[in-house]
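Right, one structure below, let's go through it.
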Amino acid sequence: MPPLKISKKHHKHINNPFPSPPKSLPLIHGTLSYNRILPHRQVYPIGKDFQLLWRSSNCGYVSVSHKSEPDRSLWSSIPGEAFISAASAKTEVEESRGSFVIKDGDISFLCDHQNIDEIRTICKSDIERKVNDSEFLYGLFQSNDKNVPIELFKRSQFPTLVICGWVSSKKVKRFASKNLCFWERKLSLGRADKSSLTARYWVLFHQRNNHQVEFQVRFGELKQLHGSRPYQRFSEGFQGQRWKQVRLRRRRRVSCFLSPRDFLVLSSDDDEKEEEKVDEVKEFNRVFITYSSERDEKFYGFGEQFSHMEFKGKRVPILVQEQGIGRGDQPITFAANLVSYRSGGDWSTTYAPSPFYMTSKMRCLYLEGYNFSVFDLTEHDRVQIQVHGNFVGGRILKGSSPVEFIERYTETIGRPPVLPNWIINGAIIGMQGGTEAVRRVWDQLKAHDVPVSAFWLQDWVGKRKTIIGSQLWWNWEVDTTHYAGWRELVHDFGANNIRVMAYCNPCLVPTNEKPNKNKNLFEEAEKLDILVKAKNGTTYMVPNTAFDVGMLDLTHPNASGWFKRILHEMVDCGIRGWMADFGEGLPLDANLFSGEDPITAHNRYPELWARVNREFVDEWKSNCGGKEREDAEESLVFFMRAGFRESPKWAMLFWEGDQMVSWQHNDGIKSSVTGLLSSGLSGFAFNHSDIGGYCSVNFPMINYQRSEELLMRWMELNAFNTVYRTHEGNKPESNCQFYSNSKTFSHFSRFAKVYKAWKFYRVQLVKEASQNGLPIARHLFLHYPHDEHIHSLTYQQFLVGTEILVVPVLDKGKKQVKAYFPLEQGCSWQHIWTGNIFGRSSIDSENIHQGLEAWVEAPIGYPAIFFKSGSPVGEQFKTNLQDLGIL
């Protein structure tokens with residue numbers, strides 16, 4: 001395996017404020033050839049519902065479709081171009097306090113020529129006759145895990161389809177033209193005067209259910225072909241030659257019919273060559289899958305993305321990490337990068353990516369596994385997925401609408417449970433400061449008649465002074481000095497049907513200097529040997545802001561049970577919910593108990609962290625007795641920010657992490673809407689943001705402080721999130737708070753009641769989400785995919801379910817918004833405050849997919865909210881607002 005180079009940048013204090021994009025391989029344009037014994041056109045079954053079409057025209061291509069719609073391609077290769085390529089390259093990693101950059105280093109070799117040797121269906125009887133002894137699959141069952149292919153066949157709906165052949169490198173002349181790009185020069189020099197490299201490949205297609213096809217790409221042993229003529233240009237006169245088709249074996253003479261573009265000579269009667277293994281150990285660590293796309297095809301998904309909703313023309317990396325401070329918004333990104341290496345992030349950095357997408361052409365695909373991958377959508381006619389590894393697996397989904405795709409996708413990856421009623425009943429009050437401060441604000445909340453569900457006390461563990469200010473003690477037990485009278489506080493809250501929520505994460509800090517601790521959890525974990533190790537076998541002390549921490553090795557069989565005991569102690573002291581923070585910071589050079597590749601484990605870690613919390617919640621509930629077990633009100637809840645593809649299966653609720661307290665596009669109130677909607681299109685049904693944002697900055701000449709207007713507009717926005725939760729931010733004293741004055745308190749109370757007014761619908765949507773995976777807050781693409789205008793929308797507006805349309809004010813000083821009303825199925829929309837109707841009678845167009853644009857007044861306190869005319873949900877919402885004195 002080519003070496004992995006990791007550079008630690010944790011302690012670099014003066015850095016380039018404009019870091020260059022990470023080096024990456026260019027989009028690979030490979031060539032395709034095929035064995036001439038393949039038919040000109042052939043349809044092969046994949047299970048009972050799918051099929052693959054092979055055509056030799058245009059130099060050959062394959063296409064997957066559903067038998068019910070054979071002319072609609074779900075996935076197809078590009079005629080005459082390789083759809084499977086592979087390479088070996090060095091990997092370079094830069095790491096700094098939760099921010100990661102993975103780069104492509106020097107290329108060892110690139111196999112960008114693909115030959116299709118055979119296409120065959122495998123039936124159950126073939127497996128029973130030990131098909132692995134046949135020449136067709138020679139080497140497949142000897143590669144990687146011997147048992148995986150057999151088990152894979154056993155769970156398939158037969159027949160399974162297998163395409164096999166060879167991927168090979170091409171010899172090129174030694175040159176390094178100045179006109180070539182950096183990587184082209186690297187590749188030309190790297191391959192000069194070397195023998196051709198080749199490896200057997202297999203692409204397997206299996207039907208998993210009536211709407212999903214699983215695919216896998218596997219490789220055999222890499223071999224080296226010595227000689228000066230591994231490739232010849234195919235000539236028009238080849239028909240007069242005598243060629244033999246022979247199975248490839250050592251010391252055999254072989255030739256294969258290929259397309260008119262190229263001819264691969266492995267050996268011939270005149271020039272017999274010997275196939276030999278590569279002298280030094282080499283294997284692929286990059287796999288490329290290339291397939292067709294349409295110029296006007298729009299791509300949605302890729303997990304929680306904060307800057308874009310649609311990704312055509314972009315290169316999307318799938319790597320869990322800190323989202324960054326600013327993410328391209330200036331001047332904050334400049335400042336963050338200057339003082340901490342790459343901590344500003346960019347448009348692609350996110351806590352919760354997912355290798356999943358769906359398109360406007362009703363195509364859908366996702367990758368399985370946890371390898372780092374990149375989806376290259378930069379060329380208009382193709383998609384290229386680059387996977388760091390030597391194996392690729394994934395699924396192609398069949399569906400007729402985005403709703404169907406989400407339902408079918410989440411059916412496989414998992415869906416969240418129904419949230420307990422209390423978490424969605426009223427406001428969640430994020431507070432710090434100790435018992436006296438909490439009781440004081442509680443009295444004010446009661447005076448302003450605010451419906452409150454819980455107090456979220458982040459600093460329940462106590463605080464300490466560090467070089468950057470006041471920070472939490474990461475030792476997960478209540479600090480009874482900071483929260484004197486904790487038991488009485490919890491009891492008083494409970495008597496008023498208010499829960500207590502707390503904070504924890506999978507990291508621990510040494511507490512030798514903490515004066516009032518009962519336990520030293522770091523010391524306990526270190527003695528149990530359940531912390532992540534460095535390469536030298538010692539505890540890996542992970543840099544985090546102003547202190548270093550030990551991180552739980554969740555691949556260790558004892559780690560989960562130990563942390564569940566901590567969670568049980570939290571619940572025993574009255575806590576009924578918590579933020580399960582972090583999960584995105586596993587070092588990429590960690591030494592794990594499982595021995596697995598830490599880069600792969602890095603993307604898996606958030607799911608492991610969610611699973612520990614979820615298993616505890618379920619175990620606690622099952623161990624409860626009597627009323628406590630039956631009463632849904634007694635259920636526990638946790639919420640988290642880090643995630644990956646299958647996190648919706650384990651996490652109960654998400655929040656969007658640390659937005660800036662700003663109006664900006666990439667990291668602020670706008671990005672909170674984009675993240676909410678993009679995650680919803682990726683299977684994350686329950687999500688929300690901190691009201692007012694989190695991150696404040698007080699640099700010389702660069703100040704980000706939460707203003708009153710921003711806070712109030714964020715209250716209006718989050719009244720239509722799954723959860724209505726406040727956060728004081730990282731610098732409470734710098735930010736306007738909901739309790740800052742009577743104006744902010746009244747506004748907070750008003751929109752806590754707006755949130756309460758649609759609770760009946762929220763309960764319905766939460767239940768439906770647990771059954772079908774559909775999010776609470778929805779981009780309009782979900783229900784109006786044929787309306788071309790909605791592709792231009794990112795954060796401007798969204799649906800709550802299908803019945804409510806929200807057009808928030810997201811710009812400073814604005815009191816009007818431009819709303820777009822989708823009018824399919826003849827629907828019209830009623831303004832909640834004035835009753836005005838916006839419908840098809842307002843426009844002359846006969847285009848049934850065209851909607852209506854209109855400017856709508858939206859002063860503070862009256863955001864642009866609409867419901868479908870005649871909707872029972874809308875009418876009930878309106879009635880509830882009247883009963884609460886809001887309307």
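The values are calculated or read from the model by the stated rules, or taken from the named source; none is laboratory data. Predicted model only: the values in this text are computed from it and were never measured. Positions of Cβ are backbone-derived with ideal geometry, glycine not excepted, and every protein chain shown enters the neighbour counts. Areas reflect the complete protein model, heavy atoms only, side chains present, ligands, DNA and RNA absent. Shrake-Rupley method; radii C 1.70, N 1.55, O 1.52, S 1.80 Å.
Here are a few things to note about the model shown:
- Descending semi-axes in whole angstrom, ellipsoid equivalent of the chain, from the Cα gyration tensor: 51, 32, 25
- Gyration tensor (alpha-carbon) shape descriptor, region 659-784, a/c threshold 1.5: oblate
- The simple Förster model, with R0 at 60 Å and r as the Cβ-Cβ distance, assigns R315 and E524 a FRET efficiency of 0.85.
- With Cα atoms, 0 to 90° folded angle of helix 486-495 axis to the chain main axis: 80
- For S647, the shell of other residues with beta-carbons less than 15 Å away shows a net charge of -1, using +1 for Lys and Arg and -1 for Asp and Glu.
- Loop sites in region 31-78: trypsin sites (Lys or Arg not before Pro), DSSP, at most 16 other Cβ within 10 Å: R36, K48, K67
- Length gained on full extension, K8 to Y862: 302.5 nm, using 0.36 nm per residue less the C-alpha separation.
- Given charges at beta-carbon only (K, R positive; D, E negative), |dipole| of the chain in Debye: 1900
- Note on region 501-622: the C-alpha convex hull projects to 7.9 nm² when averaged across all orientations.
- For A864, the residues whose modelled amide H falls within less than 5 Å of its own, excluding neighbours fewer than 5 places apart on the same chain, are V807, V809.
- In this structure, F334 and R295 have a Cβ-Cβ separation that, at R0 = 30 Å, corresponds to a calculated FRET efficiency of about 0.25.
- Where a label projected 7 Å from the Cα of R120 along Cα→Cβ would reach, residues of region 7-49 with amide N under 15 Å: 35, 37-39
- What the Kirkwood sum gives for region 598-673 is a hydrodynamic radius of 14.6 Å, with every pair of different alpha carbons counted.
- Label zone at H40, where the point sits 7 Å out along the Cα-to-Cβ direction: region 47-64 residues whose backbone N lies under 17 Å: 54-61
- Cα long-axis angle, helix 708-718 against the chain (0 to 90 degrees, to the nearest 10): 60
- Cα gyration tensor shape of region 751-851, rounded if a/c is under 1.5, else prolate or oblate by comparing a/b with b/c: oblate
- Rolling a 1.4 Å probe over the protein heavy atoms gives region 375-455 an accessible area of 30 Å² per residue.
- Estimated distance in nm for a label pair at E411 and S707, the labels positioned 7 Å out from Cα along Cα-to-Cβ: 4.9
- The stretch between D883 and N58 holds 290.2 nm of extra length on full extension. This uses 0.36 nm per residue minus the Cα-Cα distance.
- Here is how the number arises for the chain: DSSP H runs of 4 or more residues each give -39500 (n - 2.57), the sum is divided by the residue count, and the result at 222 nm is -6500 deg cm²/dmol.
- Sparsely packed GluC sites (Glu not before Pro) within region 595-703, loop by DSSP, other Cβ within 10 Å at most 15: E596
- Label-point separation in nm, D443 to E615, each point 7 Å along Cα→Cβ: 4.6
- Considering only alpha-carbon pairs that sit under 8 angstrom and 6 or more positions apart, the relative contact order computed for the chain is 10 percent.
- For region 552-601, the carbon plus sulfur part of the accessible surface works out to 51%, probe radius 1.4 Å.
- For G675, the shell of other residues with beta-carbons less than 9 Å away shows a net charge of -2, using +1 for Lys and Arg and -1 for Asp and Glu.
- Antiparallel content of DSSP bridges confined to region 347-490, in %, to 5: 75
- Legend: distances between Cα atoms for K8/K527; K90/K398; K517/K564; pairs beyond 25 Å are K8/K527; K90/K398.
- Inter-site label distance for N772 and Q816 at 7 Å from Cα along Cβ, in nm: 3.8
- Placing +1 on the Cβ of every Lys and Arg and -1 on the Cβ of every Asp and Glu, with no other charges, gives region 303-367 a dipole of roughly 340 debye about its Cα centre.
- Net charge dipole size for region 531-677 [Lys, Arg +1 and Asp, Glu -1 on Cβ; Debye, nearest 20]: 180
- Estimated from the Cβ-Cβ distance and a Förster radius of 30 angstrom, the FRET efficiency linking E788 and K759 is about 0.30.
- Unit charges at the beta carbon, dipole of the chain: most positive-side option, G585, I776, G861: G585
- Per residue, the accessible area of region 464-552 comes to 46 Å², computed with a 1.4 Å probe over protein heavy atoms only.
- C-alpha long axis of helix 435-447 to longest principal axis of the chain, angle in °: 80
- Cα-based shape type of region 717-759, given that a ≥ b ≥ c are square roots of the gyration tensor eigenvalues and the cut on a/c is 1.5: oblate
- Selected from I467, W486, V450, residue furthest toward positive end of dipole (region 449-488; charges at beta carbon): I467
- Too-long pairs where the Cα-Cα distance tops 26 Å, listed order kept, from K67/K361; K9/K812; K48/K223; K463/K519: K9/K812; K48/K223
- In a DSSP loop and with at most 14 other Cβ atoms within 10 Å, the trypsin sites (Lys or Arg not before Pro) in region 768-877 are K812, K814, K815.
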